[in-house]
Amino acid sequence: MKVISSLQFTFISIFLLLSTKVFTITPYVFGYAGKDSIWSMSFGALIDLAILVLVIVIMQKNKEITFFELLKKSFGTIIAKILLCFLFVFILLKALFLYQETHSFFLQILFDEFPLLLYVIPVLFITGYFAVKGIDTIARSIEIFAIFVLIGVIICASTAVNDANFNYLLPFFEDGIGPSLDGLWAQMFYRGNPIILLCFMGKVEFKKHFNVKFILSNFILLLMLLGTALLFYMVYGPSARYVEFALADLPQYDPFVSDLGRFNWLSVVVCTFALFLTSSVFLYCLALIGRWILGLKRSIIPIGISLTMVIILALINQFSLPLMMERIANEWLWINASVLFLYVLLSFGLLIFRRKNE
Amino acid sequence: MLTKSLQENIKQLKKLYHDSDDLKTREFVSFSSIKTAIAYIDGSVDKPFLISGVVEPLQKAEEIQKRDIAKFAMEKIVAYAQAKTETDIHTIISNMSNGFCVVLFDNCETAICVDSTKWTVRLPSEPPTSAVINGPREGFVEDLTTNVSLIRKRLKNPDTIFEKLEIGRYTKTQIRLCYIRGIVCPEIVKKIRKKLEAIDIDGIVDSSYLTAFLEDRKHSLFKMVGTAEKPDIITAKVLEGRVAIIVDGSPIVLTLPFLIIEDFQNSNDYYGVSAKATFLRWLRLVGTLIAIILPGSYVAIMQYHYSIVPIKLLISIANSIQGIPLSPFLEILFVIFLFEILYEASLRMPRYLGLALSVVGALILGDTAVKAGLVSPPAVMIIALTGVMSYTVPEQTGQISCLRLIFTFLGGIFGFYGILLGSMFLIGYLVSIENYGAAYLAPLAPHFHNDQKDAFNKKPITAQITRPTSFPNVNNRRLRK
């Protein structure tokens with residue numbers, strides 16, 4: 001079995017955390033929580049961190065077996081497969097959203113016209129290629145791109161510092177904690193990505209002091225993302241809800257634009273490496289789960305099935321980001337939140353079950 | 001097998017060589033009365049040695065009554081030369097082809113094969129592609145023995161093995177696998193040996209012939225086998241646990257396993273200040289990346305994303321491209337085509353003419369094309385710049401040229417989106433390559449912390465306590481403090 005190093009696993013986790021938090025989440029949450037959005041985002045980040053810790057504990061306790069084996073051992077094959085089906089849906093919706101978000105980003109920021117097929121075919125081919133090649137190829141690529149992506153995020157955020165106005169956020173909790181909780185609930189579709197890490201159970205080579213380094217690096221990333229969100233709210237104030245792609249539009253008022261050019265866009269383009277690679281991670285996990293459910297040895301068929309489902313769902317949503325956002329708010333939010341809740345319960349259950357057995 | 005008749009044996013040799021003109025035979029009398037003959041391939045033997053070391057002592061030898069003259073002659077008369085007795089005619093032929101002289105006696109079924117090799121070889125000199133400011137200047141030559149001795153001079157430990165192989169039905173090319181027992185991973189040696197032994201080809205003309213057989217990915221754009229022209233480089237690589245493959249007739253020695261990082265390392269880096277080596281390695285990396293991506297990015301920016309360019313620069317570019325009939329994409333393709341033509345022609349032209357042509361090509365053609373309004377100055381500048389940058393890593397120039405063209409197409413068709421996907425695919429492809437137990441992009445991906453000391457950040461030799469771990473070896477300790 002192919003295994004990945006602790007460092008590679010950490011980077012995958014960072015990319016999973018980063019992927020759905022770059023563009024639409026910040027303006028979307030603002031629509032629910034208003035100027036208390038940063039608190040909603042902070043609570044959301046805490047949820048991600050808590051899930052991350054939970055997942056790592058489970059993985060550390062079951063180093064030698066895969067997630068499917070663990071589920072089979074604990075609940076039997078049929079229930080294990082049913083549980084995996086839920087996870088499949090959870091990841092599929094996230095993958096679909098990521099593809100759509102990236103497409104809309106390119107369409108709005110970089111091109112006047114961007115034929116759909118010109119986007120869909122190459123991106124599905126590339127992500128499919130990575131998924132077929134396997135986890136070590138994805139992990140190594142992430143290892144290479146991680147530093148550029150993180151630098152890209154920092155550049156994007158830092159160019160907007162001059163335009164930030166802290167007063168936009170004051171006073172805190174003017175309407176009580178209600179809006180913050182509304183914002184927290186609304187963003188549940190974007191949260192819970194660390195659950196996907198369970199698919200890597202039994203494939204990671206844990207090293208000494210891994211836990212501390214892993215949690216710390218992910219915590220720093222979450223802080224960085226919160227910092228970016230904070231800057232976004234401080235730059236845009238009440239008009240934040242009308243912005244579509246937070247990170248890309250963050251340096252819009254950058255006074256250096258005319259002198260230096262919109263190099264910040266280049267940074268954003270670099271950031272999209274993270275989105276594509278995370279899509280590959282999603283696709284890999286979908287293929288893995290598909291293999292477990294269908295009892296297959298090779299990944300090609302599950303990858304084909306997953307890509308077909310992504311295309312069908314995208315067609316249903318007419319490849320439209322606003323339509324998809326509407327679906328998130330009305331349907332997908334519930335689906336993902338339910339799966340997340342189920343898996344959190346399941347994780348606790350697995351830990352308790354193990355303790356009792358011991 | 002040899003017969004007792006001298007004439008018959010000579011006839012056999014001539015027949016097997018099809019009366020080839022370079023097969024020389026000379027008969028004389030040795031031990032006062034025994035009819036003797038020597039046979040050799042003209043041009044492959046040291047004639048003065050043959051006369052003074054073989055013919056004259058045999059002629060002067062006194063009459064004897066021994067039954068096995070050949071054995072006696074080898075032990076007593078030509079004892080100081082490297083010699084062996086042979087009875088099989090095909091082995092004798094094989095020895096002769098490798099520069100041995102054969103001594104045949106009448107009434108004797110055994111011949112003496114005397115090593116009198118002296119091929120026409122050039123002296124070791126500094127290879128034109130691996131010039132150094134500091135450090136050794138010796139380079140490999142086309143002679144296997146010389147090349148082996150150049151390595152042996154530096155690796156005196158008896159654990160240094162030179163394993164003999166012969167490939168080529170017609171060329172019978174001598175190959176040596178060089179490695180250090182106790183450092184190299186035996187599995188790697190075994191795999192290389194197996195691949196080489198499986199080769200059944202009419203001839204191996206140069207070491208580059210072997211690379212195709214040693215590569216796991218035969219159609220890859222990227223080279224999978226390392227090459228070096230200097231014994232100091234090969235010594236360093238063998239000391240790291242690699243296997244060197246020396247081919248007779250080639251000054252290029254192959255090394256395995258090969259990692260792409262090796263092409264960014266230069267022997268000069270090891271003979272100078274580490275900080276400078278670090279700077280130069282990063283420069284090579286940046287140069288390579290720019291050489292690959294810049295033309296494509298220029299096309300993408302000019303065709304799709306011009307708002308990225310600062311306004312003043314944009315005005316300046318807009319002025320310079322005004323009136324150009326071609327789109328930025330076609331313009332860049334046209335200049336790349338011109339550049340590649342000039343490059344190819346200057347390589348094939350006689351040396352001085354080639355030099356003149358490249359200057360004329362660059363100055364006159366470029367200038368005229370700009371003045372004629374066929375191409376814009378930015379396009380010429382970008383291709384000239386990337387052309388020069390592609391030589392920062394000379395071993396990868398061919399690959400860089402291909403990738404530059406591919407990325408130009410991607411930039412022209414898909415804009416930055418294409419470049420992004422192209423970069424991702426390229427990295428994905430490179431990281432997926434496994435070469436003799438080593439990841440091709442190691443120690444970058446997967447990250448090997450220990451090997452970073454000699455990756456893009458070069459640390460002094462005192463800090464490199466262990467051998468690289470990016471590829472397998474059995475003895476990791478390099479420096480004892």
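The values are calculated or read from the model by the stated rules, or taken from the named source; none is laboratory data. None of these values were measured; they are calculated from a predicted model. So basically every Cβ, Gly included, is an ideal-geometry build from the backbone, and we count neighbours across all protein chains shown.
List the number of the failed condition for A:VAL212; all other conditions in (1) modelled with pLDDT of 90 or more; (2) within 14 Å of chain B (Cβ to nearest Cβ) hold.
(2)
Can you find a residue in the stretch A:110-126 that is charged (D, E, K, R), at the interface with chain B (Cβ under 9 Å from one of its Cβ atoms) and not in a helix (DSSP H, G or I)?
Yes, the stretch A:110-126 has at least one match.
Which condition number does B:THR255 fail, the rest of (1) within 21 Å of B:GLY437 (Cα to Cα); (2) of a type in the set (S, T, N, Q); (3) surrounded by fewer than 18 Cβ atoms within 10 Å (Cβ to Cβ) being met?
All conditions pass for B:THR255, except number (3).
Does A:ILE79 fit the bill of being without any contact (Cβ under 8 Å) to a residue 24 or more places away in the chain and surrounded by fewer than 20 Cβ atoms within 10 Å (Cβ to Cβ)?
Taking the combined requirement at face value, the residue satisfies it.
Do we have any residue at all in the stretch B:296-317 that's basic (Lys, Arg), assigned to a helix (DSSP H, G or I) and within 14 Å of another protein chain (Cβ to nearest Cβ)?
Within the stretch B:296-317, the first condition is being basic (Lys, Arg), and the residues that meet it are B:312.
After this cut, where a residue has to be assigned to a helix (DSSP H, G or I) as well, the list is B:312.
When the remaining residues are screened for being within 14 Å of another protein chain (Cβ to nearest Cβ), the result is B:312.
Yes, that holds for at least one residue.
Working only within the stretch B:192-241, note down all residues that are farther than 28 Å from B:GLN464 by Cα and among the aliphatic types (A, V, I, L, M).
Residues satisfying the conditions are B:LEU196, B:ALA198, B:ILE199, B:ILE201, B:ILE204, B:VAL205, B:LEU210, B:ALA212, B:LEU214, B:LEU221.
List the strands (runs of 3 or more DSSP E) that sit entirely inside the stretch B:166-281 and contain at least 3 residues that are under 22 Å from B:PRO127 (Cβ atoms) and of a type in the set (Val, Ile, Thr).
In the stretch B:166-281, the matching strands (runs of 3 or more DSSP E) lie at B:243-247.
With the structure loaded, tell me whether B:GLU331 is outside any loop (DSSP other than H, G, I, E, B) and surrounded by 14 or more Cβ atoms within 10 Å (Cβ to Cβ) or whether it fails that test.
Against the criterion (outside any loop (DSSP other than H, G, I, E, B) and surrounded by 14 or more Cβ atoms within 10 Å (Cβ to Cβ)), B:GLU331 qualifies.
For B:GLU86, only one of the following conditions fails: (1) touching a Ser or Thr at 6+ places or on another chain (Cβ under 9 Å); (2) over 28 Å from B:LYS172 (Cα atoms). What is its number?
Evaluating B:GLU86 over (1) touching a Ser or Thr at 6+ places or on another chain (Cβ under 9 Å); (2) over 28 Å from B:LYS172 (Cα atoms) leaves (2) as the failure.
Given the options B:PHE425, B:PHE456, name the one that is under 16 Å from B:TRP282 (Cβ atoms) and among the aromatic types (Phe, Trp, Tyr).
Checking each option against the conditions leaves just B:PHE456.
Being over 19 Å from A:ILE25 (Cβ atoms) and either free of Cβ contacts under 8 Å to residues at least 12 places away in the same chain or surrounded by 13 or more Cβ atoms within 10 Å (Cβ to Cβ) (or both) is the requirement here; does A:GLY176 meet it?
yes
Go through the stretch B:177-200 and count every residue that is in contact with a strand residue (DSSP E or B) (Cβ under 9 Å, 6 or more places away or on another chain) and without any contact (Cβ under 8 Å) to a residue 24 or more places away in the chain.
Total satisfying the criteria: 1.
Residue-wise test of (1) among the small types (Gly, Ala, Ser); (2) farther than 30 Å from A:ILE301 by Cα; (3) within 14 Å of chain B (Cβ to nearest Cβ); (4) touching a helix residue (DSSP H, G or I) at 6+ places or on another chain (Cβ under 6 Å).
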| residue | (1), (2), (3), (4) |
| --- | --- |
| A:ILE138 | no, no, yes, yes |
| A:ASN162 | no, yes, no, no |
| A:TYR168 | no, yes, no, yes |
| A:SER180 | yes, yes, no, yes |
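If I go through the stretch B:422-473 residue by residue, how many of them are among the acidic types (Asp, Glu) and either closer than 19 Å to B:ASP269 by Cβ or away from chain A (no Cβ under 14 Å) (or both)?
Final tally of qualifying residues: 2.
Which one is nearest to B:THR386 (Cα to Cα) among residues in the stretch B:302-329 that are touching a residue at least 40 places away in the same chain (Cβ under 8 Å) and hydrophobic (A, V, I, L, M, F, W, C)?
B:PHE329
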